[in-house]
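Inspection log for the structure reproduced underneath, given as structure tokens.
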Amino acid sequence: MSAAASHHIPSRPVLIAGGGIGGMATALTLHQIGVPCIVFESVAQLQPLGVGINLQPNAVRELHDLGFGNDVLDTIGLQAREWALVGRNGNEVYAEPRGLQAGYRWPQYAVHRGQLQMMLFNAVRQRLGDDAVQLGRRVVGYRQDAEGVTALIDTRDGQRLEVQGSLLVAADGLHSAVRAQMHPAQPPIQWGGAIMWRGTTPGVPVRTGASFVGVGSLRHRVVLYPITPPDPVTGLATINWIAEITVDNQGGWRQGDWNRRVALEEFIHHFDGWDYGWLDVPAMLRGATDVFEYPMIDRDPVPTWVDGRVALLGDAAHVMYPVGSNGASQAIVDARVLGAQFLAHGVGPQALRAYDDKLCKDLSALVLRNRGAGPFGLLGLVDERCGGVFDHIDEVLPREEREGFMARYKAAAGFAIETLNAAPPTIAPGQRVAGA
């Protein structure tokens, strides 16, 4: 008998705002434990939008437990084998194995964000039915009482709907309307001055063939990694890249758009001469069909993600700088931790409070840690000590110091190897809320 044997399924479904990775992972988790739910997504049609992201072993483990094994994940991405930082003159700062090569029991994956979302979306429709995801519906607010919660929903054709549920889980992203209602005095989106240009280019993978490589300095760098295996005929993989500079942010973000298509000429001059033989950065940038510009943004942490019967999840709870490869990973983990609390405490406010207690404080600290450059902080130390140019890294930053820095980051981000490998499953196979 599960720990949840004394709890029962509410008569109303759990409502989920947002059909991104966090929302879909929540729906699949609730289905797994026998809790009915409905997802409301604002777009009229889901399309595989976005760029490359990394899924850490802690999230891959949860996907495995949801029925997405390596055979499935291999169709949308590539198992990562290495994480490496390289200084301004092309010399290595730090490298370590990743995923299975590092000793994790689960791989790390580099995937296309949109294809991951579509994989989860298709699984939700297959397992829960076509009506489980309602497109063209944006949750704009909520009311609640002792019995349940009412989601206020705007449709694309101008209607206002009211849908009743037992709880509301808001996975509605950076511009979350639910978070804005829960925390009306929250500060505006925070931009630290970093501008990213992102694209994909066909290319020959470098180093191990499945390496995540950061090149340059803390305030002026390029990150690249393959998100597909090489084509057997051409030998070319799809290389996902991010080119980034940091500028004075006193005037605020001026473009208005949070992502816009830009011409190569707007930024390629920042990377003139970045040709190391094994990597020709200007050629890689020129090989992209489409390039998008994004500000690197986050939000100041809030003291709680929960208001009675309403909880925030994923980016709505903790949008963070994309420097540690743990935004999408954490959204998946959030969904699983929430499901575990439903099993332990029943499908009600007590479970939401337990979820908040388990994650909010630690994740808020991680948001601030990522704002301080996350694992790329190593490049900042190199900059401080030698301006980023060196012959032998050990003379600038001893090995013990480099390894200690990375160990602290991994512990904070929840993917320390021994801890993860030894942890029991978040949700054990077959666990269901009583009455499901």
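The values are calculated or read from the model by the stated rules, or taken from the named source; none is laboratory data. All figures in this text were calculated on a predicted structure; none of them were measured in a lab. Cβ: placed from backbone, ideal geometry, glycine included. Neighbour counts: every protein chain shown. Each accessible area value is taken on the protein alone, full model and side chains, heavy atoms only, with ligands, DNA and RNA left out. Shrake-Rupley method; radii C 1.70, N 1.55, O 1.52, S 1.80 Å.
Centre-to-centre separation between the Cα atoms of segment 55-92 and those of segment 367-399: 23 Å.
Taking the Cα centre as origin and putting +1 on Lys and Arg beta-carbons and -1 on Asp and Glu beta-carbons, what dipole magnitude results for the chain, to the nearest 20 debye? Mind showing how you got there, number by number?
On the way: 37 positive and 44 negative charges, 186 e Å.
That gives a dipole near 900 debye.
Quick one: pull the percent of accessible area on segment 280-411 belonging to carbon and sulfur, 1.4 Å probe, ligands and nucleic acids left out.
Reported share for carbon and sulfur atoms: 49 percent.
With R₀ fixed at 25 Å, the C-beta to C-beta distance from Ala434 to Asp357 puts the FRET efficiency at about 0.65.
Just report the Cα centroid separation between segment 163-206 and segment 125-161, whole Å. After rounding, the separation between the Cα centres reads 19 Å.
Average the reciprocal distances over every distinct pair of alpha-carbons in segment 183-228, invert the result, and give the Kirkwood radius in Å. One over the average 1/r among Cα pairs gives 13.6 Å for segment 183-228. Against the chain, whose longest principal axis is taken from its Cα atoms, helix 377-386 shows a tilt of about 20°. If you plug the beta carbon distance of Val262 and His175 into 1/(1 + (r/R0)^6) with R0 = 25 Å, you get a FRET efficiency near 0.70. Report summary: the helix-based calculation at 222 nm, which adds -39500 (n - 2.57) for every DSSP H run with n ≥ 4 and divides by the residues of the chain, gives -9000 deg cm²/dmol. Express in % the proportion of alpha carbon pairs of segment 1-109 at distances exceeding 23 Å. In whole percent, the long-distance tail amounts to 49.
Projecting the Cα positions of Gln350, His392, Pro303 onto the charge dipole of segment 286-403 (unit charges on Cβ atoms of Lys, Arg, Asp and Glu, taken about the Cα centre) puts Gln350 furthest along the positive direction.
Please sort by residue number the trypsin sites (Lys or Arg not before Pro) in segment 129-175 whose DSSP state is loop and whose Cβ has at most 16 other Cβ atoms within 10 Å. Walk me through the numbers on the way to the answer.
Values: sites: Arg137, Arg138, Arg143, Arg156, Arg160; in loops: Arg156.
Passing both the DSSP loop test and the Cβ count: Arg156.
Surface composition of segment 1-85: carbon plus sulfur atoms contribute 53% of the solvent-accessible area (1.4 Å probe, protein chains only, all chains present).
Scanning residues 5 or more positions from Val133 or on other chains, those with amide H under 5 Å from its amide H are Val39, with H placed 1.01 Å from N in the peptide plane. The accessible surface of segment 106-224, taken with every protein chain in place and a 1.4 Å probe, is 46 percent carbon and sulfur. Against the chain, whose longest principal axis comes from its Cα atoms, helix 399-413 is set at around 20 degrees. Relative to the longest principal axis of the Cα atoms of the chain, helix 113-128 runs at roughly 20 degrees.
Every Cα-Cα pair in the chain was counted, and those over 33 Å apart are 34% of them.
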